[in-house]
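The values are calculated or read from the model by the stated rules, or taken from the named source; none is laboratory data. Only a predicted model underlies this, so the values are computations on that prediction, with no experimental measurement involved. Using ideal geometry, Cβ is built from the backbone for each residue, glycine included, and neighbour counts are taken over all protein chains shown.
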Amino acid sequence: MAKKNKVERLNRWLTLGANIGVVLGLIILIVEVRQNAKLTRANMEITKNSFLAEIELNIAKPEFAKVWIKSIRNPEDLPILKCGQ
């Protein structure tokens with residue numbers, strides 16, 4: 001009978017330890033998922049900023065700058081292009 005109580009007691013402690021391990025594992029998983037989401041958002045922001053910088057650099061080229069200035073100052077002087085040209 002005493003041996004049965006020791007086995008049951010050990011079983012309860014092992015079950016408690018396993019349950020605590022599962023809870024700790026879930027907490028670690030939640031922290032990692034949140035960290036991954038933050039890194040993904042930061043990466044998307046960096047990609048967007050790089051893309052916008054590339055657009056600005058392309059607009060700053062002399063041939064585009066002339067057209068850009070002309071479209072602001074004298075839009076009526078720009079040729080009207082038809083689709084397919």
### Task
Exactly one condition in (1) exposed (fewer than 10 other Cβ atoms within 10 Å of the Cβ); (2) within 28 Å of the chain's Cα centre (by Cα) is not met by Ala42; state its number.
(1)
### Query
Pick from the range 32-59 the residues that are among the β-branched types (Val, Ile, Thr) and either in contact with a Cys (Cβ under 8 Å, 6 or more places away or on another chain) or within 30 Å of Lys70 (Cβ to Cβ) (or both): which of them is modelled with the highest pLDDT?
Ile55
### Query
Is there any pair linking a residue in the range 48-70 that is surrounded by 10 or more Cβ atoms within 10 Å (Cβ to Cβ) to one that is among the polar types (S, T, N, Q) and assigned to a helix (DSSP H, G or I), with Cβ under 7 Å and at least six apart or on different chains, and which?
Phe64/Asn58
### Task
Name, by its number, the condition in (1) assigned to a helix (DSSP H, G or I); (2) over 35 Å from the mean Cα position of the chain (by Cα) that does not hold for Ile55.
(2)
